[in-house]
1. Could you tell me whether any residue of the range 160-172 is assigned to a loop (DSSP other than H, G, I, E, B), charged (D, E, K, R) and at pLDDT below 90?
2. Whether any residue in the range 130-150 is open to solvent by 60 Å² or more (accessible area, probe 1.4 Å), free of Cβ contacts under 8 Å to residues at least 24 places away in the same chain and of a type in the set (Val, Ile, Thr) is what I want to check.
3. I'm trying to understand the selection: among the residues of the range 1-27, which are farther than 16 Å from Thr57 by Cβ and open to solvent by less than 30 Å² (accessible area, probe 1.4 Å)?
4. When only residues in the range 28-71 that are small (Gly, Ala, Ser) and open to solvent by less than 60 Å² (accessible area, probe 1.4 Å) count, which is farthest from Arg2 (Cα to Cα)?
5. Residue pairs, Cβ under 7 Å, 6 or more apart or interchain, first in the range 78-107 and of a type outside the set (Gly, Ala, Ser), second surrounded by 14 or more Cβ atoms within 10 Å (Cβ to Cβ) and part of a helix (DSSP H, G or I). List them.
6. Can you work out which of the residues in the range 75-100 that are in contact with a Phe, Trp or Tyr (Cβ under 7 Å, 6 or more places away or on another chain), at pLDDT 95 or above and buried (at least 16 other Cβ atoms within 10 Å of the Cβ) is nearest to Glu19 (Cα to Cα)?
Amino acid sequence: MRLKIFDGKYGLTVIRDGEFEGTGKLSTPLPGRLVPLRSERYVQQTNGASNVTAVLTSPALASQLDERLAVAVCDDPDRAHAEIHLECGASHQRRLQSIPTVIHPTASIDERASVSPFGVTIEAGAVVGPFTVVHAGVVIEEDVHIRANCTLGDAAFNLGTAGGGVAFSRHSGV
């Protein structure tokens, strides 16, 4: 998604457009994050964070940000970040709801497991154990075994891939 689609919303002025994949904080270990920046103390860390591609900040800090970063300025970066997070989450949920769940005929799903009716892919030979919950946005790759009492794809994030022939045990999460 491009930062420019939020220009003029939530008090934002985009001064350098660019793409981001989702919202987060500096510590969020996912690529393509849009993050808020309130303090000069974190400018260097923001510039060096490979997971950050876009920043919401004050006009005073914007000039200190690396040219590779998309930048929007506003009076309250945290509020704008929260609003964009909510908007992106709602958009992501709508997208997931448009994708039917696909379960390969050779996959084995325990009758006591719960699999979202939309946005899930379960590939050949995969096994999903009892009392396991699979949320929208999850892909369970070929021959992966998910044992009992696991939760995949936290409802707050709706993403995750279980792959590589891994077996997940109780209380595991992806």
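1. Yes, the range 160-172 contains a residue that is assigned to a loop (DSSP other than H, G, I, E, B), charged (D, E, K, R) and at pLDDT below 90.
2. No, there is no match, as no residue in the range 130-150 is open to solvent by 60 Å² or more (accessible area, probe 1.4 Å), free of Cβ contacts under 8 Å to residues at least 24 places away in the same chain and of a type in the set (Val, Ile, Thr).
3. Gly22 - this is the single residue of the range 1-27 that is farther than 16 Å from Thr57 by Cβ and open to solvent by less than 30 Å² (accessible area, probe 1.4 Å).
4. So, considering only residues that are small (Gly, Ala, Ser) and open to solvent by less than 60 Å² (accessible area, probe 1.4 Å), the one farthest from Arg2 (Cα to Cα) is Ser39.
5. Ile84/Phe6
6. Ile84
The values are calculated or read from the model by the stated rules, or taken from the named source; none is laboratory data. Owing to the predicted nature of the structure, the values given are computational and were not obtained by experimental measurement. We place every Cβ from the backbone using ideal geometry, glycine too, and count neighbours over all the protein chains shown. Ligands, DNA and RNA are excluded from the accessible area calculation, which covers all protein heavy atoms including side chains. Shrake-Rupley method; radii C 1.70, N 1.55, O 1.52, S 1.80 Å.
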